[in-house]
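Enquirer: A single structure is presented below for examination.
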Amino acid sequence: TDYDLIIVNGVVVTDTDIAELDIAVKGEQIAKIVPKGQLKDAKAARTIDAEGGYVMPGGVDAHVHLQEPPLFGKGSTADNYETGSRSAVCGGTTTMVTFAPQKKSEDTLLDTLHATHAKAKDVCYIDYSFHLLVGNPSERALSEFKTLREEGISSLKIYMTYEALQLHDGQILDVLLEARKQQITTMVHAENGQVIDWMTAQLEKKKMFAPKYHGTSHPPMAETEATYRAICLSEFMDTPILIVHVSTPAAAAHIKSAQDRGLPIYAETCPQYLFLTKKDLDQPGFEGAKCVCSPPPRESEADCDDIWEGLANGTFTILSSDHCPFRYDDAEMGKKSSVSEQYPLGHFKYIPNGCPGIETRLSLTLGEDRLDLKKFVEVTSANPAKLYGLWPRKGGLIEGQSDADINIWYPPGKMQEYILTNDMLHHDVDYSPFEGRTLKQWPRYTVLRGQIVWDKENGGLLGKKGYGQFVKRDASSLAGPRKAGEWEIPL
Ligand code: DUC
Ligand code: ZN
Ligand code: ZN
Ligand code: ZN
């Protein structure tokens, strides 16, 4: 045979092109992409007829929390590396970047990295890398950035909120300076922690404890202010940042205006800010806890429309899941852990922050038919790969350069629409905040490094635990300082 796998009759969509092309895979890589029909004499071990469906690079989800301690309270996120990556592949995501969380009480980042490697080794269904979560930018931790780069890590995340992790502005400058020197991209959780604490105290005085007050305690202003502050610190240090999980139109406006000034400011949003609003937090009983994430779902559908618009106009570089799962019905470390003798109906401030979504990210977003197809591939696959130093191996379909990571979607009219229920999903979580929504698309086949790992109609999950590999990353091919080389701290 000439090839291991051939995909014919598809409409191939990448971040830059859309055309009727056939694809040939040899080993783990894309070997050839040619006009439709040109592979008809080639011999292959396996041929997939896409029947006119879209063929896209596999999804890259660059914001995933697995087997992590929560930001407060006890326990761990619900999914581990096995169940989280299993859920990912069943929804068309073939690469994930998760967090390696350093605690404030820890001095080193390298131990954190090695401990996280141990969690992921031999259990992942998809390829993976880690962002270092810097909880303590000690001198030792800062001195380790160089080694992180040598070990294939080119990004880290910092928090402007949460007592357990919040950095003050001087510490943020320390991180940005060292990140600049080592060509590391810094992700920022931009919410003003003191504003949130103050609002929480006001609500407690009035005995307002229901899940919906999680939203009240995280006002848009807290996000807008912190976003603008992060932009200012980044401009001062002349080094790129990515603002994670942006939910607020006013924050997006600051990001857009910084981008228009040529600053290396990148931004991420997530499906929860496209699909959920305050109404989802305000449900009978404790149900609203299912949609408690930070930042919270915002005021109205008009806000969601603005976030969609930000994806279309390029304000948002990437669309990630922020998969950060906690079980609903788990009194010890799930959403119900906020229920106690003192708070029989729960207290919003003890509800773990985060929602599952690694499996639904691609299908929900594509099914809405609101984004141009190339833009969809750009924000869900190509750009996360470029931003975090995985391109062109991941996120593209380039002959001889890209891994054969491919999603083949249902052709128009072929998939019966259905209502999403949690039992269709493959995570280790007892709910999805998106249950009840209509799904109009789902990957029909998913290929990872040449292997068919998902075949919706014939066996579903075919991939094997442990097939997923750690992928070393280079410096970002999108983000960089504006004045590389000649720059000095403005003293
Ligand atoms: N930030 C995240 O990135 N994920 C979940 C909760 C949070 O605050
Ligand atoms: Zn090491
Ligand atoms: Zn965050
Ligand atoms: Zn997150």
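The values are calculated or read from the model by the stated rules, or taken from the named source; none is laboratory data. This structure is a prediction, so every number in the text was calculated from the model and none was measured. Note: ideal-geometry Cβ built from the backbone for every residue, glycine included; neighbour counts use all protein chains shown.
Enquirer: Can you go through VAL188, VAL175 and tell me which one is outside any helix (DSSP H, G or I), within 16 Å of ligand 3 (Cβ to nearest atom), surrounded by 15 or more Cβ atoms within 10 Å (Cβ to Cβ) and not small (Gly, Ala, Ser)?
Expert: So the residue among VAL188, VAL175 that is outside any helix (DSSP H, G or I), within 16 Å of ligand 3 (Cβ to nearest atom), surrounded by 15 or more Cβ atoms within 10 Å (Cβ to Cβ) and not small (Gly, Ala, Ser) is VAL188.
Enquirer: While we're here: Starting from the range 298-310, take each residue that is acidic (Asp, Glu) and list its partners that are part of a helix (DSSP H, G or I) and modelled with pLDDT of 95 or more, counting only C-beta distances under 8 angstrom and pairs at least six apart or across chains.
Expert: If the second residue must be part of a helix (DSSP H, G or I) and modelled with pLDDT of 95 or more, the pairs left are GLU299/PRO220; GLU299/LYS278; ASP303/PRO249; ASP303/TYR273; ASP306/PRO249; ASP306/ALA252.
Enquirer: Please go through the range 290-316 and pick out each residue that is outside any helix (DSSP H, G or I), buried (at least 19 other Cβ atoms within 10 Å of the Cβ) and more than 16 Å from ligand 3 (Cβ to nearest atom).
Expert: THR315
Enquirer: Quick test for you: out of ALA44, ALA120, pick the one residue that is touching a residue at least 40 places away in the same chain (Cβ under 8 Å), crowded, with 24+ Cβ neighbours inside 10 Å, more than 16 Å from ligand 3 (Cβ to nearest atom) and hydrophobic (A, V, I, L, M, F, W, C).
Expert: That would be ALA120, the only listed residue that is touching a residue at least 40 places away in the same chain (Cβ under 8 Å), crowded, with 24+ Cβ neighbours inside 10 Å, more than 16 Å from ligand 3 (Cβ to nearest atom) and hydrophobic (A, V, I, L, M, F, W, C).
Enquirer: Hey, among the residues in the range 212-241 that are more than 30 Å from ALA484 (Cα to Cα) and not in a helix (DSSP H, G or I), which one's nearest to the chain's Cα centre (by Cα)?
Expert: Here the answer is HIS218.
Enquirer: Within 16 Å of ligand 1 (Cβ to nearest atom) and not in a helix (DSSP H, G or I), is that true of LEU263?
Expert: Judged against the criteria, LEU263 is not a match.
Enquirer: Given the criterion within 30 Å of LEU345 (Cα to Cα), modelled with pLDDT of 95 or more and within 16 Å of ligand 1 (Cβ to nearest atom), identify the matching residue among VAL195, VAL188, VAL134.
Expert: VAL195
Enquirer: What residue, among those in the range 223-248 that are of a type in the set (A, V, I, L, M, F, W, C) and free of Cβ contacts under 8 Å to residues at least 60 places away in the same chain, is farthest from ligand 3 (Cβ to nearest atom)? Walk me through it before giving the result.
Expert: The first filter runs over the range 223-248 and keeps only residues of a type in the set (A, V, I, L, M, F, W, C), leaving 226, 230-233, 236-237, 241-244, 246.
Add one more test, that the residue is free of Cβ contacts under 8 Å to residues at least 60 places away in the same chain, and what stays is 231-232, 243.
Numbers: ILE231: 17, CYS232: 19, ILE243: 10 Å.
Filtering first and then ranking leaves CYS232.
Enquirer: Another question, if that's okay. How many residues does the range 155-164 hold that are surrounded by fewer than 24 Cβ atoms within 10 Å (Cβ to Cβ) and more than 9 Å from ligand 1 (Cβ to nearest atom)?
Expert: So the answer is 2.
Enquirer: OK, next. May I ask you to say which residue of GLU191, GLU299, GLU287, GLU235 is touching a His at 6+ places or on another chain (Cβ under 8 Å) and of a type in the set (Asp, Glu)?
Expert: GLU191 is the lone residue from the list that is touching a His at 6+ places or on another chain (Cβ under 8 Å) and of a type in the set (Asp, Glu).
Enquirer: Scan the range 407-427 and report the pairs whose first residue is within 18 Å of GLY59 (Cβ to Cβ) and among the aromatic types (Phe, Trp, Tyr) and whose second residue is part of a loop (DSSP other than H, G, I, E, B) and modelled with pLDDT of 95 or more, with Cβ atoms within less than 8 Å and a gap of 6+ or a chain change.
Expert: What qualifies is TRP409/GLY53; TRP409/GLN441; TRP409/TRP442; TYR410/GLY53; TYR410/GLN441; TYR410/TRP442.
Enquirer: When you look at TYR273, is it buried (at least 20 other Cβ atoms within 10 Å of the Cβ) and either hydroxyl-bearing (Ser, Thr, Tyr) or over 19 Å from the mean Cα position of the chain (by Cα) (or both), yes or no?
Expert: For TYR273, the condition - buried (at least 20 other Cβ atoms within 10 Å of the Cβ) and either hydroxyl-bearing (Ser, Thr, Tyr) or over 19 Å from the mean Cα position of the chain (by Cα) (or both) - is met.
Enquirer: Given the options PRO295, PRO271, name the one that is within 16 Å of ligand 4 (Cβ to nearest atom) and under 19 Å from ARG370 (Cα atoms). I'd like the intermediate steps shown before the answer.
Expert: Values: PRO295 fails: under 19 Å from ARG370 (Cα atoms).
It is PRO271.
Enquirer: Kindly list, by first and then second residue, each pair from a residue in the range 249-265 that is surrounded by 24 or more Cβ atoms within 10 Å (Cβ to Cβ) to a residue that is among the acidic types (Asp, Glu), limited to pairs with Cβ atoms under 6 Å and residues at least 6 apart or on different chains.
Expert: ALA251/GLU223
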